[in-house]
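All remarks here apply to the structure that follows.
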Amino acid sequence: MPKSKSYTNFILDTDSSVPYHAQIEAYLRELIKDKKFINGTNLLPKEESLSKKFGVSRNTIRQAIHKLVQEGLIERKKGVGSKVIQKKISTRLDNWISFTKEMKLQGIDVVNYLIDISIVQADDEVYKALSISKPQKIWCLKKIRGSKEAKYLYSISYFHPRTGISDQDNFKKPLYDLLEKKHDTIVTVSRERLRAIIAGKDLAKILNTDQNDPVLERERIVFDSGNRPVEYNIVYYKTDFFTYDIDIKREFKK
């Protein structure tokens, strides 16, 4: 086995019965946890470089890399190199569940990078969506959330005044639980629209991505059991981390 558990000062153990490719595989498993590589932004060291560094053949390096490719941990492109495959979060449009709960179901601890609540004069489309008239100010909640490794999404919510939402609420709790338990508002319907956009300068800075990268925009109006608008919400998702699953059922005429 390697003489050190740390990949930073890893050297092959020539006296070990463990094959060289298995030792290098162990090294690579630690290497891909590094922040430099974990998001798949940077390429892993080239085969030729690793071969020279450890004094083994390129076939030995390829054998180690191939095992991680088979497990879906890294991807290898001919003429380009190898990089970590970022695990994407698959969620369903017909699944009404809070982001926090959804992430916990997938074994991910949510990190709140930003929680900001303020009373604002919103754009015309917000007042129209919530069926309220200007120029009254309304509460706006902004959140940047993700995991310890990266930011996943930027969310902006505007609330109808009747909800009673204010800066006195604890927004670390799941939002719809808060609305139901504290403000007696049960949400039942969400009308949504999805589209792909280019991040641009502002979103790129917020989500730590490139301004030319694609971002998924999810716009929705949430209604209570009386079909009254409660929340107007826009969420921007990093496509490195999110996919949406949709089932479409074909109906047959009798």
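The values are calculated or read from the model by the stated rules, or taken from the named source; none is laboratory data. Not measured: the values here are computed from a predicted model. For neighbour counting, all protein chains shown are included, and Cβ atoms are generated from backbone atoms with ideal geometry for every residue, glycine included.
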Discussion item. Going by what's in this entry, would A122 be described as assigned to a loop (DSSP other than H, G, I, E, B), under 26 Å from R195 (Cβ atoms) and modelled with pLDDT of 85 or more?
Written reply: yes
Worksheet, complete the sentence: Among the residues of the stretch 126-135, the number that are free of Cβ contacts under 8 Å to residues at least 40 places away in the same chain, under 22 Å from R220 (Cβ atoms) and exposed (fewer than 12 other Cβ atoms within 10 Å of the Cβ) is 1
Practice prompt. Taking I117 as the residue in question, decide whether it is surrounded by 15 or more Cβ atoms within 10 Å (Cβ to Cβ), farther than 27 Å from L194 by Cβ and at pLDDT 85 or above.
Written response: no
Discussion item. On the basis of being loosely packed, with under 13 Cβ neighbours inside 10 Å and closer than 16 Å to N233 by Cα, does T188 make the cut?
Written reply: yes
Discussion item. Looking only at residues that are within 19 Å of T185 (Cα to Cα) and of a type in the set (S, T, Y) in the stretch 140-165, which one is surrounded by the most Cβ atoms within 10 Å (Cβ to Cβ)?
Written reply: Y158
Worksheet item: From the set of residues in the stretch 7-62 that are under 20 Å from G79 (Cα atoms) and polar (S, T, N, Q), which is nearest to the chain's Cα centre (by Cα)?
Response: T41
Worksheet, complete the sentence: Within the stretch 15-44, restricting to residues that are assigned to a helix (DSSP H, G or I) and of a type in the set (V, I, T), the one that is surrounded by the most Cβ atoms within 10 Å (Cβ to Cβ) is I24
Discussion item. Quick check on G146: is it in contact (Cβ under 8 Å) with a residue 12 or more places away in the chain and more than 16 Å from the chain's Cα centre (by Cα)?
Written reply: no
